[in-house]
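These notes are about the structure you will find just below.
The values are calculated or read from the model by the stated rules, or taken from the named source; none is laboratory data. Small disclaimer: the values here were computed from a predicted structure and weren't measured. For neighbour counting, all protein chains shown are included, and Cβ atoms are generated from backbone atoms with ideal geometry for every residue, glycine included.
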Amino acid sequence: MNFAEYFCELSVLEQLRFGSSMLGKTKEEIKEIHNNMETKRLILNSIQCKHCLDIITSHSVHDYVTCKCGKVSTDGGLEYQHISFTSKLDFKNLAVYSTDTFDKIRESFSWGSYGKSGKEEKHWIILKDMSDNHIKAILITQKQISDFIRNLFIKEQQYRKDNNITIKE
Ligand SMILES: [Zn+2]
């Protein structure tokens, strides 16, 4: 999907939000944002070991995870997928990309959370399971998240609206 197609799929409100997020940015910066949106990006970096059947997920660049039996590993988080194996028959790749359907994306993308208090141990919540308020709070308070991630949350809000889905805390 190119940027024009992507933009047309957004609701008017999303288009307005997107437009206002471009205020003050240079032409080069805007071009970069558009390019990033059109690039195939990782949503889930997971593999399943065919020996021990363990499913492992790398959440960040230096999150090197190995299955229970030690035959396969994956690394790279959502930046790149680096799989270690002996034979390609050792694992099944469960990776999900931004080019997959949104139904699949919302069941795959996970957000690292320290709980409402911010003091819990870090745990991962799947986008489709996050409460409406949690998503709203992230969009308001987490200014550092990338436009790519921000747009996933905005798309999820729209998806819930279109499908009459409400997720309470
Ligand atoms: Zn294994």
**Item:** Test: residue in the range 75-89 that is away from the ligand (no atom under 16 Å from the Cβ), outside any strand (DSSP E or B) and β-branched (V, I, T)
**Value:** no
**Complete:** The residue that is farthest from the ligand (Cβ to nearest atom), considering only those in the range 41-58 that are within 19 Å of the chain's Cα centre (by Cα), surrounded by fewer than 18 Cβ atoms within 10 Å (Cβ to Cβ) and not polar (S, T, N, Q), is R41
**Request:** Confirm whether D147 is in contact with a helix residue (DSSP H, G or I) (Cβ under 6 Å, 6 or more places away or on another chain) and of a type in the set (D, E, K, R).
**Result:** yes
**Request:** Scan the range 18-52 for residues that are at pLDDT 85 or above, touching a helix residue (DSSP H, G or I) at 6+ places or on another chain (Cβ under 9 Å) and under 16 Å from D100 (Cα atoms) and jot them down.
**Result:** R41, I43, L44
**Asked** Are there any pairs, at least 6 apart or on different chains, whose C-beta atoms fall under 8 Å, with the first in the range 45-63 and without any contact (Cβ under 8 Å) to a residue 60 or more places away in the chain and assigned to a strand (DSSP E or B) and the second within 14 Å of the ligand (Cβ to nearest atom) and aromatic (F, W, Y), and if so, which?
**Response** I47/F91; Q48/F91; C49/F91
**Unique residue being without any contact (Cβ under 8 Å) to a residue 40 or more places away in the chain, of a type in the set (D, E, K, R) and surrounded by 12 or more Cβ atoms within 10 Å (Cβ to Cβ) when the list is D100, D90, D129** = D129
**Lone qualifier among V72, V96 - being under 17 Å from L42 (Cβ atoms) and aliphatic (A, V, I, L, M)** = V96
**Prompt:** Mind checking whether some residue in the range 27-39 is outside the structural domain of T141 (by TED's automatic domain parsing) and assigned to a strand (DSSP E or B)?
**Reply:** no
**Prompt:** Which helices (runs of 4 or more DSSP H) does the range 94-169 wholly contain that include 3 or more residues that are hydrophobic (A, V, I, L, M, F, W, C)?
**Reply:** 132-141, 147-162
**Request:** Mind listing whichever residues of the range 60-84 are surrounded by fewer than 16 Cβ atoms within 10 Å (Cβ to Cβ) and of a type outside the set (D, E)?
**Result:** S60, V61, H62, Y64, T66, K68, C69, G70, Y80, H82, S84
**Request:** Tell me, please, whether a residue that is within 16 Å of the ligand (Cβ to nearest atom) and surrounded by 15 or more Cβ atoms within 10 Å (Cβ to Cβ) can be found in the range 28-39.
**Result:** no
